[in-house]
Amino acid sequence: MRTTRQWVLDRRPEGRVADADVRLVEVPLPPLEDGAFELEHIHLSIDPTNRLWMSDTAQAAMPIQLGRPVRAFVYGRVTASRHPDFRDGDMVRGLASWSDRSVLRAGALIPRRRGMPLSAHASILGMTGLTAYFGVTEIGRPAAGETFVVSAAAGATGSIAGQIARLLGARTIGIVGGEAKARRLVSRFGFDAGVDRRGPDLLEALRAACPNGVDVDFENAGGVILDTVLKLINPGARIVLCGMISGYEATGGWPTNDLSQILMKRARLEGLLVSAFADRYEEATSRLADWALAGQIAWDVDISHGLESAPSALARVLAGRSEGKQLVQLAPDPWDEAA
């Protein structure tokens, strides 16, 4: 009998994920039936939403049920198939779990793009890059000369969103945790300025960086940061609500925000779920690849190794310690020519 190791959710976390909340177990793989394929996981995508799925708060996806595998996007290689669309050796993205391998009935074929490693398809060309692309181009829509602010700006989505806004002609300001990250936004990602949310006065620091107010806010943090940005929005501003990471480990429900400026400034706040643009993924991936290969967008990955590292990798993301897109690598990346 073929088996796989996987992390399961034993109890709902209260605050940070504790050792007793998840458990690594070995389980049988389901039989490979018609319409299914087996996927060897090479990269696990570690995202703030992994923590959200562990809670039982209202959310777009069903919460993970107790005793069930921890859900995640995975990137890997087909090792056996009885599915008409996938063959042995194909590289595929799918929604699976923190595990070594899985048997799936659906996924997206990943075409190789001019020598880019599979880690690129799990980061700038993956769900985080797609989220940034559609959030900026379809909801935020920054015009040349406008001021674009993004929170959690050194993260996988925020760093790409700011660079796309810059390519569209906006003045880009990033909010991050720490002076080193603020400097990196400018030196590595080409932002016009970085603002340290840990400084003595976030409002005054943001006001100094945005002397003409804020036209677009790409919001990943929520909470106090969102309230601060809303104090500076211009009439007709657009707020792209991509995430509220400040509340993912909170107990007692979602934090509330002061939305009075949305009314007073006739602003628009719109939630972003990348799945709404699923029929346009290829368009976005091609454009992101062109920008990356031309050196117009920089992207970073922060790789942990081994399935055992998945919980600690998630903790790194939620604590703001990851540098770029956080991945857990379980097998060699066959497209990484530098490896």
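Only the coordinates and a few stated rules stand behind these numbers; no lab work does. None of these values were measured; they are calculated from a predicted model. FYI the Cβ positions are ideal-geometry reconstructions off the backbone, even for glycines, and counts take in every protein chain you see.
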- Rg [Å, one decimal], Dmax [Å, integer] - the range 53-93, C-alpha atoms: 14.7, 39
- Step through the residues of the range 290-306 one at a time and calculate ³J(HN,Hα) from phi using the Karplus curve (6.51 cos²θ - 1.76 cosθ + 1.60, θ = phi - 60°), rounding each to whole Hz and writing x for Gly and Pro. 4, 4, 5, 5, 7, x, 8, 10, 8, 9, 10, 10, 10, 10, 9, 10, x
- What is the Cα radius of gyration of the range 1-94 over 2.2 N^0.38 Å, N being its residue count? 1.21
- Task: Could you pull out every residue, at least 5 positions away or on a different chain, whose amide H is within less than 5 Å of the one on Ser97? Hs are placed 1.01 Å off N in the peptide plane, and Pro or chain starts have none.
- Result: Ala72
- How big is the charge dipole of the range 51-193 about its Cα centre, in debye rounded to the nearest 20, if each Lys and Arg gets +1 on its Cβ and each Asp and Glu gets -1 on its Cβ? 340
- Message: Under the rule of at least 5 residues apart or a separate chain, name every residue whose amide H is placed under 5 Å from the amide H of Arg82.
- Response: Gly35, Ala36, Phe37, Glu38
- Item | Anchor Lys265: lysines whose Cα lies under 19 Å away (excluding residues fewer than 8 positions away in-chain) | Lys231
- Query: About its Cα centre, what dipole magnitude does the range 98-142 give when the only charges are +1 on Lys and Arg Cβ and -1 on Asp and Glu Cβ, stated in debye to the nearest 20?
  - Reply: 180
- The simple spin-label model distance between Arg105 and Thr57, using points 7 Å out along Cα→Cβ, in nm, is 3.2
- Query: Projected onto the charge dipole of the chain (+1 at Lys/Arg Cβ, -1 at Asp/Glu Cβ, origin at the Cα centre), which of Ala298, Val78, Met54 gives the Cα projection farthest towards the positive end?
  - Reply: Ala298
- Task: State the answer as a single residue: which of Gly247, Ala319, Asn212 lies farthest towards the positive end of the charge dipole of the chain, with beta carbon charges of +1 for Lys and Arg and -1 for Asp and Glu, about the Cα centre.
- Result: Asn212
- Query: Remind me, relative contact order of the chain in percent, using alpha carbon pairs under 8 angstrom and six or more residues apart?
  - Reply: 18
- Message: Could you tell me which residue out of His121, Ala289, Val229 lies farthest along the dipole of the chain toward its positive end? Charges go on the beta carbon: Lys and Arg +1, Asp and Glu -1, centred on the Cα centre.
- Response: Val229
- The answer for the per residue Cα convex hull volume of the range 1-160, in Å³, is 149
- Mind checking the dipole of the chain: about its Cα centre, +1 per Lys or Arg Cβ, -1 per Asp or Glu Cβ, Debye to the nearest 20? 380
- Which percentage, to the nearest 5, of the DSSP beta bridges contained in the chain is antiparallel? 55
- Percent of Cα-Cα distances greater than 22 Å, calculated over the range 127-275: 30
- Task: Could you state, as a whole-number percent, how many of the C-alpha pairs of the range 225-339 are farther apart than 16 Å?
- Result: 76
- Convex hull volume of the chain per residue (C-alpha atoms, cubic angstrom): 132
